[in-house]
Structure formats: C-alpha cells, structure tokens
1. For the stretch A:10-213, what is the percent of antiparallel DSSP beta bridges, rounded to the nearest 5?
2. Can you compute the FRET efficiency between A:GLN381 and B:ILE129 using 1/(1 + (r/R0)^6), with r the Cβ-Cβ distance and R0 = 60 Å? Round to the nearest 0.05.
3. When the accessible area of the stretch A:220-380 is computed with all protein chains present and a 1.4 Å probe, what percentage of it is carbon and sulfur?
4. First select every other residue whose beta carbon is under 15 angstrom from the beta carbon of A:ALA448; then total the charges, Lys and Arg +1, Asp and Glu -1.
5. Note the full-extension length gain between A:ARG276 and A:ARG213 as 0.36 nm times their separation in residues minus their Cα-Cα distance, in nm to one decimal.
6. Given H placed 1.01 Å from N in the peptide plane, which residues other than close sequence neighbours of A:LEU519 have an amide H under 5 Å from its amide H?
7. Using a Förster distance of 51 Å, how high is the FRET efficiency between A:ALA21 and A:LYS756, based on the Cβ-Cβ distance and rounded to 0.05?
8. Rank these by accessible area, largest first, 1.4 Å probe: B:LYS39, A:LYS382.
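The values are calculated or read from the model by the stated rules, or taken from the named source; none is laboratory data. Source: prediction; values computed, not measured. As a convention, Cβ positions derive from the backbone with ideal geometry for all residues, glycine included, and neighbour counts pool all protein chains shown. Heavy atoms of the whole protein, side chains included, go into the accessibility calculation; ligands, DNA and RNA do not. Shrake-Rupley method; radii C 1.70, N 1.55, O 1.52, S 1.80 Å.
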Amino acid sequence: MATRQQTAFDWQVQAWKSHWAGHHGLILASTGMGKTKAAWLGPLGDWLQDPLSQEHWTHRKRGPSTPPLLALWITPLRALASDTCLALEDCIQGLGVPWSLEQRTSDTSSSLKQRQRQSPPTAMVITPESLTLMLSYPESLETFKHLRTVIVDEWHELLGSKRGIQTELALARISRIAPTVRRWGLSATIGNIDHAKYSLVGQSASAPCSIIRSDQQRLIDIELVIPQAIDRFPWAGHIGLVMLKEVIAKIESANSTLVFTNTRNQTELWYQAILRARPDWAGQIAIHHGSLAPELRTWVEQAIVDGKLIAVVCTSSLDLGVDFAPVDQVIQVGSPKGTARLIQRAGRSGHSPGRSSKLVFVPAHAFEIIELEAARQAISQKQIEQRRAIDAPLDCLVQHAVTMALAKPYAKQEFLEEVRSTYAYRNLADEHCDWVLDFVTTGGCLHAYKDFHRVALDFGKYAVIDQAVSRRHRMSIGTITSDMMLQVQYLKGGKIGFVEESFAAKLKEGDKFLLGGKLLEMVWIREGTVWVRKTKGDPTAVPRWLGGNMPLSSELALGVRRWIDAIARKEPLPDSLQALCGLMDLQRLWSHIPRLDEVLVERLTNREGDALMLYGFEGRSVSEGLGALLAYRISKERKNTISIAVNDYGLMLYAPDSIGIDTKSLVHWLSQKELQADILSSLNATELTRRRFRDIARIAGLIHSGTPGQSKSMRHLQASTSMVFDALKQYDPANLLLWQASDEVLSDQLQIHRLKETLTRMEESRWVHVDLKQWTPFSFPLMVERIRDRIGNESLAQRIRKIQNQLEQGTASESRSLTKSKRSAEKGNMQSRDTNP
Amino acid sequence: MIIEHQGHCIELFPSGAIRWEKTLFVADLHLGKESVFQKSGLAIPTGATQKTLLDLVGHLENQPIDRLIVLGDLLHAPIGWTKDLESMLSDAIQARPEIRWELVAGNHDRRSHDRLRALGWLVHSDPLIEGRWRWMHEPPEEDSQTIQTRALTTLCGHLHPSFKVPLDTRRTQRVRCFWIRPNSIVLPAFGGWVGTHAIDPKQSDRIVLCVEGELIDWKC
C-alpha cells in the first residue's frame, strides 16, 4: 500500500494486548481501517514473546524447516486468499519471524495439498471448505496440535449462513485438538454483536472474549440525484435509465467509480447504456457480476487496483473483496434494500484510513427516496441490520458426522459434547443427535435402509470403513450449492460467463442476449456449453438469474413507515423528501397516507375487475406471504380465482369479477389462527419445499453431485434431488431432513416471524378503508407489477385439460384480450395524468 | 385407452403399460435402484421397487394376459440384486406360472441375464421380431432403418419420455407420456423411482400423457 501507516492506532494496540493476554476477540471495523494488522500482529507478537523450541519444528521437504502450524486465517472468499497472503507475508517479513505462509483453497494443486497435510506451513490462509476437508484426514490430529490462533476474516459474511455453521463446527473440532487456541474474528459493523461473538467463541469459551472497535468512524457522504421532474407515478419494473445523463456526469467528475446495481440484468443494461452514450469510453469502463468467467472478473479487479478504469458497473459481486484504493466514488442505482449493504458498498470508495466514503444514490422510482432517507437515518443512529442465526440445521450436522468419522472414530458422547460446544447447536436435542447418527449409520428407519452403510458403528464408535464412501464424501464437503449453470463460450474459444440451464434450454439458434457487456448470438449448445458469436442489433432474450429480488430489511421497513408517518403528519421534511410532496399530496387527495398506527386498505372496482390493495410496508416477502394467505383463505370459501401482485410496500388482490369480500372484514381474513398451516398450503408449499430440499440433499450427502470428469461407473448413481424428495416423502416421511426443508421455507423464504409481527401490528392498528376512483401513487406500481399467480383448487389433470382446450381454441382470442388489457392499462395511466392540473 | 396404430389394435394404460391381444408390455422398471444407492452410501429409502412389482402383478391379475414382455432395464444395476429382490421376483413368477416372463435385455440388465434365467425369465439379448412387430429396448435410429424394418411397428423404452406441459406462460410441468411416432411407440418408464427425459416431439407425432391415473391425448 502506498500510504503505509507507521504508528499504530490505540484500538490496534488494544487488540494485540488482549491477544497476548490469551483472550479471544472480535474486531469490528470497516475495510481499509487496518483490521488485518490489528489481528495478525497478535499471533506474530505472541511468537516473538514465546517462540516454540526448534525440536517441534517441521522438517519440510522443500525449503528450510519452519515452526509447525501455529496460525490459521480463514477467509470466506477464495479470490481474497492471494491478496491476504501478500498482506500477511508483509508483516512476517517486516518482523523477521521465521514463519512459512501458504494458502489453501480449492484452487491449490493436489500435490501441494498433500504436502500441506504431511508438513504444514506455520501459517495458512484457508477457506472454510478447505479447512473442513483438512480436518477430515486422520493427520489433522497431529497437524493442528500446536495451533495457537485461528482468525476468521469477514465473519459477518459467514454469520447466519450454513458456511458459518460449518466454520463453527470446524472451530469446535480445532479446539478439541488444541484446547488453548485463541479465536479471533474480523467483522464489519452489524446489529447483533453478541450473536457474532458467541458464534465465534462457542458456547463454553475457554477464555474471555474482547470486543475491539476501531475508534475512527468512516464518514459516509451520501448524495442524492433526483430527476428534475418526478414522474407523478413511480414507475415500476424498469429501472430508471432516465437518469443516465446524471450518472454519466457523476462518472466524469470522479477518477474512478463503482456503479452498483441490484441485479445482473440491470448491470448488463446499464453498461450497454453508458457505452452507447459514451462510445469513447470503450476499454475504460468494465462490467463485473457473478455470472462472468472468473478470468474476466480477475482481470477487471486487477484493472481497478491498477487504476486503469474510470468506471465498473457491478452487482454485489464487488461488495467484498480486495482493496480498491483508486476508487473514489460509488454510485448506487436503485435501493440497496438494507442499511448494512449501503454502508458496505459506500465503503468500497475512499478506501484508506481517514478518508470519507462517497456514495451517490440514484433512485429507481420515487419511493426509493424514502428508503434512502430511512437508511441515512439508520446509519446516523447506528441501527444496522441483524444477521439472523440459523438454528441447528441437521443437514450440516449429517455432513459433519461423516467428516468427523473419517478423521477418527468417535463415541456418541464425544460427538455430542463437541457439537454442543458451538453456539448453533448449543441446544441440540438428544433425539436429534441420535437421529443424525442413526441416519448416517442405518438410515434412521430400519426397514427402509437395509443395504445402507455410510458410517459403521464399530464397538460403540462411529467410523467410515468403505474407501469409496470416504472418497465421495470428501469430494462433496461444503455447503455452497449452486444450480446447473452452462458455460458461454465463443466459437473461437474465449469464455465469457455462465447462464442458468433453464435459460439456455429456452434459447433458440440465432437468439441474441447480453452477457459480459457483449451482445451474443447463440450458435448451438453442445457438451454443456452455449457456443456463441458476437453480433449486432438488439437482444431477443434476457438471461434470468435467480436471486435478484432482495426484500426490504425490517429495520429499513420501519424507517420507511416512520417517514411516511412524518409526511402524513405534515412534519418538516429534509430536502430530498420535499421532492416527493407533489406525489404525496395526490395520495392524500385521492386516498390517504397511513400513520404509524394505521393500516391503509384501498379498493378499486371498475369494469376491468375488482382490486384490493393492502399496505403493510414490511418488505416483499411479507407482502407475498400476506397476499398468498388472503387469496388462499378467500378462494377456499368463495371458490373464485384471485391474482396477486406484490412489492415491498404492499399487495394487491385482483379478480376479474369480484373478490367477494367486504374490505371491512379483512381483519377476520388475516387472523393468526392456523396461520402456519394455511400459509403452507397457500404457497404450494410442496413445490417450495422441494426446491429448498435441493440444497439440503446436497449438504446431507443424499445425492452424489457429479463432477465434470466423473467416470461412467458413477452414472447409475445419478438422481435428481427432486426424485430423492419424492422417495423420502413416500417411503420415509418421518425423515427430519424433510421437516428441515419446510422449516427453512417458513423461516427464511417466507420470513414467518416477520409475517407474524406484521399481523400483530395490523391487529392493533386503526384500519382506514378507501374506495378509489382511480389508481393512486401507492397502488399504481402494484397494478403495473401484477403477477398472475393463480390460486385455485383444480387437479393437475383438470388443469392440463383446460390448458389443452385453450390451446385448441386457438390463442387468438387470448392474445386479443391481453393486448386489450395492456392498452387499457396504459390508457388508465394517461387519463389520470391528464386529470392533474 | 384403445388406439389403432399401423393396423395394430393396442390398449394403453396410465401405468405406462401396453396390451396387445394377450401380451403385456412394460419398459424400464429399474428394480433394486434404491439398494444400488444405499450400497454406495446414499440414504435413499427402499419401497419403490416393491411398489413397482406390485403394480406389475396387479396388471397381470386384472387382464387376460399369458405373456409379459419387459422392454429392457428390468433391473437397475447388478449390485442392486439383493435377497429381498430375488424372493420378490420369484414369488411373482411362482404365483403366475402360466405366464411367459420375457425380457428384451436393456443396457442396465447387463451382467444380470443368468440370474434372471435362473428364476425362470426368458432373456433375449437381441431385439425380438414377430410378425409385423419389433420389440426392443433402445429406440431405433432413423438412419439405420431399412425397408424391412420400416414396415414393422417398433415398441421400445429406454428414453423414459416425458412432456413439458405448459401450465401458464412461465411454468411447465413434466408429465410421463407415451411417445407415438409414425412407426414406433416409446413407452414411459414403468418404474416407480426413475427420472424422465423431456422429449421434443414432431408435428407428425402423437403424445399420450399419463397423469394421476388418467390418460390424456395431446396433439402436437
């Protein structure tokens, strides 16, 4: 780094001192503040004070003999490993300690991996997956014996994920091998520090845990770019490319800018638009997202570090990663949907101590200005989102039970103690532990798994005997699961990136789509690769990647409700919100602006149909849950077909004739009685659970994930997770992994805890019912975003017959009515525009 | 559902079986598949094998059948052969000694021919040609057809055909189906725990969907 800081900050010294006192610790600081040194000089200083006598040193085949493995640096990002190694090596050289340092990730060559198992370096930079893999070898008991420190980088990234659970389990194992090991974590600021601390040091920490905070606050300078004339109706769906001119002007004003968008598609669109407006920037701007070829991504990252680029359009793929010193501005297009994410992204600029971060916010629609104000307020009040903990997931435990049996046969009590020492499994029930151990030995359900032996119970100890089982298990260690992706490659060679299999399946020869900022024409799909050539013109297909829609966090949602309350009360507003006044006046005039203790229900009945809008302002997933629940309960009694549309603010129920209920009775339809059962049936829970089960089946080792070079002899072991799901449901319905899948659907996907809170809040609120004459600023985005998700109770056979009838009658009438409704929707929009003076 | 195909009168069943006169045809049972998985350390519960066999026996009881022809892949793999499977198979055969149990061997039946013969199965290593019929496992390749074979009607399996029925503009649902082509019929897999392969039929083909115990004719 060019600006090498020589004198240590107080908080860094504090970290070292507590390390040397034998404490565990959690360091909270944003990137670029000197976190690495704060953590790393702990073990190095420790060595200077108390070196290990030479007799314990490892004799290495290559190079001089060095101290045995003393320190581990766990990084969640493989891409970060090399960069981290450089920074750590710098300190080792600087202090002149005789340590060897190596990295170990899935990219490490197998010969080096082998050597590391037998004669490990003194310090290792490692990913959680590689660590677990190392722990699965019997040698690990010897290798980790002298270990003094484990440091986990980006702990906030691992928290609340199954990778975090995997790390907790690995740490528990390490502490059993080396009981005095100190655990240190590095984290960005998060809402629930206690949870972060306990997950790190475990349930029964051997030593006190210090919380170290960097005293310097990184200042965030947020600028809002508002369009000159706010459209009366916030448009939905289309991100505001309208703001292109302003964005380009901002890019011009800085040396180097990161432009964050929320989805990969928007990244592609913005990159194209900027390039079209400024063709002279070709070669100086770049694109970065998770579906691009790793070579391309690495190239872009290096070019940013070297200061070669004026701008990079990117997604969360650049949220984390190496220091981008040259970046001095971040542009966020569209709401980041969470305060932590906003801070993280802003922190990618001004990346050195003492400099402030500069963030320019470009709202995608008018209401996002409120979201930004809410985030701004949350930052100043230090209300950062919490990371919800996952409670004792059994799939991870199944994997762990096999991994540990590979390393060393264990007795049940030993296993239980070790697992319960983690925070995640502190309350693991005896019967669940029994089930997991039974499941890996006998399948858990005696008559159903006669020929099953993964782990054998041998004189009271669990062990893996079958070599093939151990080989396969090691291949599938980890909790990162991904859907089938197809490589996209030029005919001449040169890899561009990946598209999802489902998208590739729909591509026809000659279809054009954007990827990596290039317009590509599909030539053919062969050998799992989409072969393309460059082309000109307009795209005919848009790749779809899963995981685009982040719901508004509950902290931010509350902030939004507070601002809306302020607007309703006509309190003095910040400048940015002044811009919304016209829009809000209209809402007030045509309907109502709900206060904090009110719930707004709007209804619009015309010859197009009957629409009912309910605003919970609680984020997309809650809206979805509420919508599905209402539609399900109503259609069960009224036998009608209801469509649902949702966004972060509310939901719309829609029926071509009549929804058939009185708005005043909504409270009754939203009762919390039998909530769980109803919500599960309403959302076609089997389908959701089946999808969720994919990851669980992979983690628990129920399927053999094929590897590219797999031999033919493995083919008869291929089964889709969906088939496994069916087999379990039919022949082992009590299997706990099925329950886990449905629990995860409820808590993660549907966020049932938030749904319950929202329902309780609604019960206690005053309900305001308004019959509309035209679409309001609140309801219009819902009308536009209408998803036609029909809730009905026909059987599949009935449905197919119906579809077939429709097809046979010809699609003509359907398309006619579609264009008609589209046209009238546009017309409705126009009319309401006209009525405004 | 009774259909006429190239002058043959045959009956299709939602289970995936076909009856012609007194002969019943099924394909791709993949018996013992769960055991194959279990022996390889994958915890898949048993049950599908037994159910598949019961379904088959049920067919034989309800129809006037004197000959059963399995169009390949009766078993999933040699290591899936267990005592349980052996006794289930022999019980089935002993219960109906008057029926001729025949197998046109498929790729998955390799190395299991002798075991099956020992139980009383008639195992054919090559396609069977009888009258205007040809019975085989893998569908014939179009290019390899000769004038003689073109005149025959082929019944085969191997593909596990399914059709992606469009539920609405965004979603499709895979449904097992008979794939009826100008001179061949591909049977859906009869096995209870097998995957399917989505086919891309031509205009001249006909598809019969097997869904929830019903058969639905689908015009391509």
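1. Around 5 percent of the beta bridges assigned by DSSP in the stretch A:10-213 are antiparallel ones.
2. Step by step, r from the Cβ atoms, then E = 0.10.
3. Ligands and nucleic acids excluded, carbon and sulfur reach 53 percent.
4. Overall, the nearby charge balance is 0.
5. Roughly 18.1 nm would be gained on extension.
6. For A:LEU519, whose amide H was placed from the backbone, the distant partners under 5 Å are A:THR535.
7. Computed FRET efficiency for A:ALA21 and A:LYS756 comes out at 0.70.
8. Ranking B:LYS39, A:LYS382 by accessible area, largest first, yields A:LYS382, B:LYS39.
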